[in-house]
Amino acid sequence: MAVKVTGIGSLPHQEIEAGLALIQKYMGDWPHWPQFPARGWQEEFVPQYVSPLIQLGLVEKRGTKLVFATDGEDFPLRLADFYELYLAAQEGESRALAAFALPEASASGLYALVRSIQAGNWQAQGVKGQLSGPITIGFQLLQPDGRAAYYDEQLRDVILKACEMGARWQTRFLREETGLPVIVSVDDPGIYALGLSTHITLTREGIKEDLTTVMTAIKAEGGRTGLHCCAGTDWSMVMECPLDILFFDAYEYLTSLLVHIPALQAYFQRGGEVAWGLVPTSPRIETETAESLLARWQEVLAALEQRGLDRELVLPRSWLTPSCGTGTLSVAAAEKVYHITAELAEKIF
């Protein structure tokens, strides 16, 4: 039996059906809903997931930037409305939770995949969703003076609560509309900045607290939690969160995980899983094959065994993915990434 495979999120396609066909061909057992940034700015990584804040009038697109409209006269009223909706959603009001839904204009792939599953076109074992994490969003959304919203305590709280309810809504939507087991991954590359001199206010405990808030919301709706960061970070911090599947770039950043072997062993022993991003989503894909990446996978297993992690512990808890999303690649390169991922999965077992 092949190792389980899924994708990280984005595809370069503009045609929705072509993107779904690619996922169905190579990742049909555990499809992810595809993000299509090439279809417009609304489907880009951060704008996609803050669309509820845009609809509520808290965030505006100003030129190429997304800015909290704190300089607007009605911002305090809109902020009060936001907290009222949040509290109602927290108390279980479905209508309030719907205010945090992703609109189809911002997530065409989500709705297209759900409709296709409902039509009986898939024989999937489960389905994967994803959303941008609060750290990354906090760095990307701006205050009117150009500073990151993360550095304003009030705005940071709004972002975290929006992520929390967005995660709750997406998990419930996928579970109820497909009837399948659901994984929702928090994609938060911003956590790589922990320890950098340019981000001295970013703390280990603060990141853990924020990620735990979002993951707890996913679990409350019956989903399994994921975390993806396409860079090296303090993985022991991440594995201390209520995490089920760690998605990481094992092609470029394997060493960053190998320095946390005690934490990884404890994580595996409590049932945690790792999605090894062994298939590069960079120009290096042009020189890699399933055979060359199989050799790299054997090197991964050997490195783990040298550090006391037996492959009998690792293999049942392993997934295979591309190293990151493919939205910045050409369609041909993305198709090669997905083809090699599926081919490599067949070779691993």
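Assorted remarks:
- All positions within segment 92-109 that are more than 15 Å from Glu221 (Cβ to Cβ) and either open to solvent by 40 Å² or more (accessible area, probe 1.4 Å) or touching a Gly at 6+ places or on another chain (Cβ under 6 Å) (or both): Arg95, Glu104, Ala105
- Residue match in segment 27-43 (condition: of a type outside the set (Gly, Ala, Ser) and without any contact (Cβ under 8 Å) to a residue 40 or more places away in the chain): yes
- Hits in segment 97-139 (condition: of a type outside the set (A, V, I, L, M, F, W, C), in contact with a strand residue (DSSP E or B) (Cβ under 7 Å, 6 or more places away or on another chain) and closer than 20 Å to Glu43 by Cβ): Gly109, Lys128, Gly129, Gln130, Ser132, Gly133
- Any pair with Cβ under 6 angstrom, 6 or more apart, that starts in segment 165-181 at a residue that is over 12 Å from Ala99 (Cα atoms) and ends at one that is open to solvent by 30 Å² or more (accessible area, probe 1.4 Å): Arg175/Gly222
- The set of residues from segment 223-267 being open to solvent by 50 Å² or more (accessible area, probe 1.4 Å) and not hydrophobic (A, V, I, L, M, F, W, C) comprises Arg224, Glu240, Glu252, Tyr253, Thr255, Pro262, Gln265.
- Selection from segment 69-91 of residues that are of a type in the set (Phe, Trp, Tyr) and within 23 Å of the chain's Cα centre (by Cα): Tyr86
- Scanning segment 25-38 for residues that are part of a helix (DSSP H, G or I) and either among the acidic types (Asp, Glu) or open to solvent by less than 10 Å² (accessible area, probe 1.4 Å) (or both) gives a single hit, Met27.
- Looking only at segment 132-157, residues that are in a strand (DSSP E or B) and either more than 21 Å from Thr212 (Cα to Cα) or hydrophobic (A, V, I, L, M, F, W, C) (or both) come to 2 in all.
- Among the residues of segment 151-172, those that are surrounded by fewer than 24 Cβ atoms within 10 Å (Cβ to Cβ) and of a type outside the set (A, V, I, L, M) comprise Tyr151, Asp152, Glu153, Gln154, Arg156, Asp157, Lys161, Glu164, Arg168, Trp169, Arg172.
- Selection within segment 1-23: residues that are surrounded by fewer than 18 Cβ atoms within 10 Å (Cβ to Cβ) and not small (Gly, Ala, Ser). The member of this set that is farthest from Gly325 (Cα to Cα) is Met1.
- Residue list for segment 39-69, filter: open to solvent by 40 Å² or more (accessible area, probe 1.4 Å), over 19 Å from Asp152 (Cβ atoms), in contact with a helix residue (DSSP H, G or I) (Cβ under 9 Å, 6 or more places away or on another chain) and of a type outside the set (D, E, K, R): Trp41, Gln42, Phe45, Gln55, Thr64
- Qualifying residue in segment 281-296 (condition: buried (at least 20 other Cβ atoms within 10 Å of the Cβ) and assigned to a loop (DSSP other than H, G, I, E, B)): yes
- Selection count where residues are closer than 14 Å to Thr178 by Cα, open to solvent by less than 30 Å² (accessible area, probe 1.4 Å) and under 20 Å from the mean Cα position of the chain (by Cα), scope segment 110-145: 9
- Within segment 332-349, the residues that satisfy the criterion of being open to solvent by 40 Å² or more (accessible area, probe 1.4 Å), in a helix (DSSP H, G or I) and touching a Leu at 6+ places or on another chain (Cβ under 8 Å) are Glu335, Lys347.
- Of all residues in segment 227-252 being part of a strand (DSSP E or B) and within 19 Å of Thr341 (Cα to Cα), the one that is nearest to the chain's Cα centre (by Cα): His228
- Residue in segment 305-316 that is surrounded by 19 or more Cβ atoms within 10 Å (Cβ to Cβ) and over 28 Å from Ser132 (Cα atoms) present: no
The values are calculated or read from the model by the stated rules, or taken from the named source; none is laboratory data. Nothing here was measured: the structure is a model prediction, and the numbers come from that model. Ideal geometry is used to build each Cβ from the backbone, glycine not excepted, and the neighbour counts take in all protein chains shown. Protein only, heavy atoms only, side chains kept; ligands, DNA and RNA dropped before computing areas. Shrake-Rupley method; radii C 1.70, N 1.55, O 1.52, S 1.80 Å.
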